[in-house]
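> Please see the structure below; I have some questions.
The values are calculated or read from the model by the stated rules, or taken from the named source; none is laboratory data. A quick note: this is a predicted structure, and the numbers were derived from the prediction, not measured. Cβ sites come from the backbone with ideal geometry, for glycine too, and all protein chains shown count toward neighbours. What goes into the accessible areas is simple: the full protein's heavy atoms, side chains included, and nothing from ligands, DNA or RNA. Shrake-Rupley method; radii C 1.70, N 1.55, O 1.52, S 1.80 Å.
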Amino acid sequence: MDEMVLRAQRFINTTYGSVPGITKVVEDGITGWATMYALTRCLQHQLGITTLSNNFGPTTLSTLTSQWPSITRSAGAPANLVRILQSGLYCKGYDGGEIDGIYNDRVSAAVQQLKANSGTQNAFPGDAMVPKLFKALLTMDAYVVTANGSASIRSIQQWMNSRYVNRTNFFVIPCDGHFSRDVQKAMMLACQFELGQSDGEADGIFGPKTLNGLAAQGIAQGSTGVFVQLFSAAMIFNRRQGTAFTATYDANLTARVVDFQNFARLAPTGTGDKQTWASLLVSTGDSSRRGTAADCVTQITPARAQTLKGLGYQVVGRYLTNVPNTSLNKKIQPGELAVIAQEGLRVFPIYQTYGGAVTYFNATQGAADAMAALDAARGYGFKPGTRIYFAVDYDALDSDVTSNILPHFRAIRTRFNQLGSEYAIGIYGPRNVCSRVAAEGLSTASFVAGMSTGFSGNLGFPLPDDWAFDQISTITIGAGDGAIEIDNNINSGRDSGQNSFNDVPTGAKPDVPFSSASRDAILTELLAYIKSLGDLPEGNVLENAWLYLTPASLDITLQHDALITALSRAFGMRKALIQTPLFWELRNNRVDDAAVDGLVVATYAYLEAYELWEENMSGPPPQPPIIMKNDSSTGLGQIFADTAIKSRNYCVSVGIISDSALDPADWHDVWRVWKQLKDDDEYSVSTIPLVNIWGAADIGQRRPVLDYTENEAGLILKRYNGTGAQADVYRQKTLPIYRIFEKYNSAARNL
């Protein structure tokens, strides 16, 4: 909280809070857009503008210019106009000299400092507040380097303000050291101004006239002047390390340009040629470039494959699935992959259903997308190592990435790990989205939606470091049967796609999702069986110390059906082999199990406290609990951390899942896994098939498969509980449950 910002907010509310169109702001002392918008409306009202808005647009600027082209200590400006100015200064971090309506020495010094910071001191000499600077004041733009900003970029921003701010349609840009949408547009305007375009012509939009004009400058090593400055600035904006902002095209700039050209797959001329200018200034680069990769929604027939191959295309992106409830048949068709391979092409898979709005993206959808993509990729026979590109196909704001897209991709990664995915994760989307997802380690390569030049995520962002494909144009190629519309993509060589595929297994059918219509029928059979045992009550659950009765145990099991189905298909085992121990452990979960878990929690709380004490040696050491217990069967699957670690390590060692090996002797690993088993239901459920696989190896039995016999299933259920006489009882009691689940699973998969 800033006391002077708070006073500015109180000024807004007290002086203008009753004015129609001006909403009172929260008095929290924190600068934000709400306060800046309110100050803009206050200014508009002060100027006599009747229609108020958050936008400091042409009407506000022209009215301010006509009434107060220069606000100074001697100009006699209305006190409230000066108070708005003082409030803006405080919200920007400058000394506004109290909010008293007096343009004093402190206000004068603050305005001059703002000009120096924004690079406009020469364009706007003296201490007067001028309309364009007032417009800049009432934004959230910063004029000092902010977090992770670049001093080099800031110097360019200041230079651009100094050189162009007096042009009619050029406004003060931020000087925060960050390349952004506004800075990119300003860069375009700067290029157009230097090419001789009038204020009326220059629009900040990259087009053929601008590109051809820049290319005609012929800048290369030895060139000097403003176009070299603009070119080197564009290199810096694209994060080309080692580039200096310079007016002289020297050997260092030449070397940096060659690096960029190689990165962007341009001819390494070392000069400011047409394609290099384009690649530096717009996300498509030169959209007339012919790439060697493509993607399409159309089936690749032999004739179309020959068209692609004849025009130099090497790899094509095709979709794994169709969009539900639509007529577009865009997915890979039967026999199509064989055609692609036979014609000498390669293919990379894309997963996209909708993905066209922020509301689509969340952890639940990400998990579902991962399961659907894995199932489809395996069904087509894509080999291990294939990268699946998950699409973000809209103009995602940076805030969308934080709130929705990152959680979505975290869920994809989690599901891939849970399901033992042999595939890599890629992303399709605007530059910023791709870069941020990659920076968190959630993707391994980017398929960039460069063709969408107006996307917020493309404007002001460089080509991602890990780009594999850059989509730059939609074109139709070929004729007759060979005609096909494609998205033309530049290929970095990072992903060569696939040209051979596994045979799709035949024989035993995999399991399918459970039908909710069968819930009551399976419950009836389970209830009858549980009652026949005579040792599990179905009365008052708390009085009898059981946490779940049969209906609740079944419903929890069915709540995880999508995950269980995916696990079954991923690891090639029957769903019943996962459902049975899950249901049985839920049904046998007792209140006293929670007490045992409490002992484990207390033990590790002590170990953590003791470890911290050892580091500091401050005060007496913590005292251990009376009963120390470092493991217990916990979570939905009632699995010991030691068992989970052994199971996961085994599956990692034989290549069934990709993960880091854990140390069962390291209490930190045990504690971390135990907490996940207890608190993360999906982690617990996804561990069950790994326990089954490890258990089979432990007793010398073949790995669970779809054609497992009932006897083999019984042995796995026994091993799930242990190896002694009690485990034999476990087998006897759970095998009938296995039969019930398998009965309904079999009916569903054979429909």
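> Taking N as the number of residues in segment 689-751, what is its Cα Rg relative to 2.2 N^0.38 Å?
Dividing the Cα Rg of segment 689-751 by 2.2 N^0.38 Å gives 1.14.
> How large a share of the accessible area of segment 1-131, in percent, is made up of carbon and sulfur atoms when the probe is 1.4 Å and the other protein chains stay in place?
Within segment 1-131, the accessible surface is 51 percent carbon and sulfur.
> Once each part is reduced to its C-alpha centroid, what is the distance from segment 404-441 to segment 267-329 in angstrom?
23
> Going by accessible area, probe 1.4 Å, with all protein chains left in place, what is the ranking of 408, 45, largest first? Spell out each step's value before the answer.
On the way: 408 5, 45 80 Å².
Largest accessible area first, the residues go 45, 408.
> Based on Cβ point charges of +1 for Lys and Arg and -1 for Asp and Glu, what charge dipole magnitude is obtained for segment 144-243 about its Cα centre, in debye rounded to the nearest 20? Before the final figure, lay out each step's value.
Details: 8 positive and 6 negative charges, 51 e Å.
Dipole of segment 144-243, to the nearest 20 debye: 240 debye.
> Also, I was wondering about something else. Using only DSSP helix segments of four residues or longer, with each worth -39500 (n - 2.57), what per-residue ellipticity at 222 nm results for the chain after dividing by its residue count and rounding to 500?
Values: 27 runs with 352 residues, N = 751.
Result for the chain: -15000 deg cm²/dmol, rounded to the nearest 500.
> So if I place +1 on the C-beta of Lys and Arg and -1 on the C-beta of Asp and Glu, and nothing else carries charge, what would the dipole magnitude of the chain be about its Cα centre? I want it in debye, nearest 20.
Numbers: 62 positive and 71 negative charges, 338 e Å.
It works out to roughly 1620 debye.
> Between 677, 724, 706, whose Cα lies farthest towards the positive end of the dipole of segment 659-728 when Lys and Arg beta carbons carry +1 and Asp and Glu beta carbons carry -1, centred on the Cα centre?
The residue sitting farthest along the positive end of the dipole is 724.
> Here's another thing I want to ask about it. Filter the chain for me: DSSP H helices, axial length by Cα at least 24 angstrom, mean Kyte-Doolittle hydropathy not below -0.5. List them by residue number. Please report the intermediate quantities before stating the final value.
Details: long enough: 363-380 (26 Å, 0.13); 591-616 (38 Å, 0.13); 681-698 (25 Å, 0.24); 725-749 (35 Å, -0.75).
Correct list, ordered by number: 363-380, 591-616, 681-698.
> A further question on this structure: Which FRET efficiency, nearest 0.05, do residue 244 and residue 623 yield, Cβ-Cβ r, R0 51 Å?
Numbers: r = 62 Å, r/R0 = 1.22.
Efficiency at R0 = 51 Å is approximately 0.25.
> Per the Kirkwood treatment, what hydrodynamic radius in Å, one decimal, follows for segment 178-232 from the mean inverse distance over all distinct Cα pairs? Write down the numbers at each step before the final one.
Working: mean 1/r = 0.0850 Å⁻¹.
It works out to 11.8 Å.
> With r defined as the distance between the Cβ atoms of residue 653 and residue 362 and R0 fixed at 41 Å, what FRET efficiency is calculated, to the nearest 0.05?
E between residue 653 and residue 362, to the nearest 0.05, is 0.75.
> Given H placed on each backbone N at 1.01 Å, which residues far from residue 498 in sequence or on other chains put an amide H within less than 5 Å of it?
347, 348
> A further question on this structure: Calculate, axis by axis, the spread of Cα positions in segment 541-631 along the three principal axes, and write the results as whole Å, longest axis first.
Extents along the principal axes: 54, 39, 16 Å.
> Using only the heavy atoms of the protein chains and a 1.4 Å probe, how would 547, 706 rank by accessible area, largest first?
Descending accessible area places them as 547, 706.
> Which value, in Å to one decimal place, does the Kirkwood hydrodynamic radius take for segment 294-421 when every pair of different Cα atoms is included? Before the final figure, lay out each step's value.
On the way: mean 1/r = 0.0641 Å⁻¹.
Across segment 294-421, the inverse of the average 1/r is 15.6 Å.
> Within 10 Å, count the other beta carbons around each residue, average over each peptide in 427-439, 355-367, and list them highest first. Don't jump to the answer; show the numbers that get you there.
Numbers: 427-439: 25.1, 355-367: 17.5.
So the order, starting with the most tightly packed, is 427-439, 355-367.
> Tell me, how many Å apart are the Cα centres for segment 642-661 and for segment 475-542?
24
> Please give the Cα centre distance for segment 185-209 versus segment 155-184, rounded to the nearest Å.
One Cα centre to the other: 14 Å.
> Express as a percent, rounded to the nearest 5, the fraction of DSSP beta bridges in segment 276-404 (both residues included) that run antiparallel. Could the numbers behind the result be given before it?
Working: 0 of 11 bridges.
Within segment 276-404, antiparallel bridges account for around 0 percent of the total.
> Give, rounded to the nearest 20 debye, the magnitude of the charge dipole that segment 60-180 has about its Cα centre when Lys and Arg contribute +1 at Cβ and Asp and Glu contribute -1 at Cβ.
Working: 10 positive and 7 negative charges, 71 e Å.
Dipole about the Cα centre, nearest 20: 340 debye.
> While we're on this one: Enumerate the amide H contacts of residue 488 below 5 Å, restricted to partners 5 or more residues apart or on another chain; note that Pro and chain-start residues carry no placed amide H.
Amide H neighbours of residue 488: 472, 473, 474, 475.
> Shifting gears a bit: If you take every DSSP beta bridge fully contained in the chain, what fraction is antiparallel? Give it as a percent rounded to 5.
On the way: 16 of 39 bridges.
Expressed as a percentage, antiparallel bridges in the chain total about 40.
> Give me, ordered by chain and number, the residues 5 or more places off residue 387 or on other chains with an amide H under 5 Å from its own placed amide H.
424
> Same structure again: Which residues among segment 372-409 fall inside the zone where the amide N is under 16 Å from a point 7 Å beyond the Cα of residue 680, along Cα→Cβ?
What the label zone holds, given the 16 Å backbone N cut-off, is 407-409.
> Which residue, chosen from 338, 368, 287, occupies the Cα position most advanced towards the positive end of the dipole of segment 287-375, where the dipole is computed from +1 (Lys, Arg) and -1 (Asp, Glu) charges on Cβ about the Cα centre?
The residue sitting farthest along the positive end of the dipole is 287.
> Any chance you could run the full-extension gain for residue 311 through residue 403? It's 0.36 nm times the residue separation minus the Cα-Cα distance, nm to one decimal. Each step should come with its number before you reach the end.
Working: separation 92, 0.36 × 92 = 33.12 nm, distance 4.20 nm.
Result for the pair: 28.9 nm of gain on full extension.
> Calculated FRET efficiency, residue 33 and residue 159, Cβ-Cβ r, R0 30 Å, to nearest 0.05? Walk me through the numbers before you get to the answer.
Values: r = 28 Å, r/R0 = 0.92.
After rounding, the FRET efficiency stands at 0.65.
> Still on this structure: What is the projected area of the convex hull of the Cα atoms of the chain, averaged over all directions, in nm²? If you can, show how the numbers build up before the last one.
Numbers: hull surface 172.9 nm².
Answer in nm², one decimal: 43.2.
> Same structure again: If eta is 1.002 mPa s and T is 20 °C, what Stokes-Einstein diffusion coefficient results for segment 121-177, Kirkwood Rh from Cα pairs, in µm²/s? Don't skip to the end; give the middle numbers.
Details: Rh = 11.8 Å.
The Stokes-Einstein estimate is 182 µm²/s.
> Select from 409, 234, 566 the residue farthest towards the positive end of the dipole of the chain; place +1 on Cβ of Lys and Arg, -1 on Cβ of Asp and Glu, and compute about the Cα centre.
Projecting each Cα onto the dipole axis, the largest value belongs to 234.
> At 7 Å along Cα-to-Cβ for each site, give me the label-to-label distance between residue 698 and residue 198 in nm.
In this crude label model, residue 698 to residue 198 measures out at 8.4 nm.
> Further, regarding this structure: Counting only DSSP beta bridges with both residues in segment 197-354, tell me the antiparallel percent, nearest 5.
On the way: 1 of 10 bridges.
For segment 197-354, the DSSP antiparallel bridge percentage is about 10.
> Mind giving me the nanometre distance, one decimal, between the label points for residue 18 and residue 51, set 7 Å out from Cα along Cα→Cβ?
2.7
> Under the 0.36 nm per residue contour assumption, what length would be gained going from the current alpha-carbon distance of residue 297 and residue 221 to full extension?
Details: separation 76, 0.36 × 76 = 27.36 nm, distance 4.45 nm.
So the extension gain works out to 22.9 nm.
> Ignoring ligands, DNA and RNA, what accessible area per residue does the chain give at 1.4 Å, in Å²? Write down the numbers at each step before the final one.
Working: 30790 Å² over 751 residues.
Accessible surface, normalised per residue, equals 41 Å².
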